[in-house]
Structure formats: structure tokens, C-alpha cells
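We did not get these values from a lab; they are worked out from the coordinates using the rules stated. No experiment lies behind these values; they were computed from the predicted model shown. Because the Cβ atoms are built from the backbone with ideal geometry, glycine has one as well, and the counts that use them run over all protein chains shown.
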Amino acid sequence: MKLNPLRSKSVHLTLLLVAAALMTACMSHRMEQKLSDHDTNGDGYLSMTEFKTTRIARKVDSPESFFHLADANNDSLLSLDEIKSHIKENK
Ligand SMILES: [Ca+2]
Ligand SMILES: [Ca+2]
């Protein structure tokens, strides 16, 4: 039996897309896990003090400016969404 090359290509593509989606979901879950580890008062947001203990803060040049730039609604707290969209915008 001969496989239709076009069809097997699209199967590969589908598998690749599924794998990519799974990886993204997994990474986002891991990030949520990480952030909740640093959310010491458990309010679901990171204050500047809490944020400074994260790996992201240690990786960037200035955690303060990252914090202020990422804080889209200026409430002096970072939500996971704010961090994620800030990272996405600066890729
Ligand atoms: Ca907190
Ligand atoms: Ca905020």
C-alpha cells in the first residue's frame, strides 16, 4: 500500500500543530505555577516585592521598569495576563 504523500504531509502538520499547542499550554501552566509560588500573600497578583523574587525579574535588566511597563492597568500589581502579554509584546 502506498501512502498519499500529500495526505501524510497534512497529518504531519496536524501533529505538529497539536504538539505546539500542547507545549504552549504546558508552558503557560508552568508559568502560572511559578507565579503562584511567588504570590506570597495569595491575592493572585504579584506586588513589586513578590515580583522581584521571580526568575523573570532576575533575568531582565531592570525589574522595576519591567514591572511598571507590564502593569497595564497601573494598580501596582502584576497579574499573570499582564506579565504574559508584556513578554509577548517584547519578543
Ligand atoms: Ca500577591
Ligand atoms: Ca496591574
Considering only MET23, SER76, HIS86, whose Cα is most displaced toward the positive end of the charge dipole of the stretch 5-89, charges sitting on Cβ of Lys, Arg (+1) and Asp, Glu (-1)?
MET23
What percent do you get for the relative contact order of the stretch 5-89 when only Cα pairs under 8 Å and 6+ apart count?
21 percent
Residue-ordered couplings for the stretch 81-91, obtained by feeding phi - 60° into the Karplus form 6.51 cos²θ - 1.76 cosθ + 1.60 and rounding to whole Hz (Gly and Pro as x), are 5, 5, 5, 4, 6, 5, 5, 4, 5, 9, 6
Computed about the Cα centre, the charge dipole of the stretch 1-52 from +1 Lys/Arg and -1 Asp/Glu charges at the Cβ has a magnitude in debye, to the nearest 20, of 680 debye
Stokes-Einstein, Kirkwood over Cα pairs, the chain, 20 °C, 1.002 mPa s; D in µm²/s equals 141 µm²/s
Give the cross-link partners of LYS34 among the aspartates and glutamates, using a straight C-alpha distance below 12 Å as the criterion and excluding same-chain residues fewer than 8 apart.
GLU50
How big is the charge dipole of the chain about its Cα centre, in debye rounded to the nearest 20, if each Lys and Arg gets +1 on its Cβ and each Asp and Glu gets -1 on its Cβ?
1000 debye
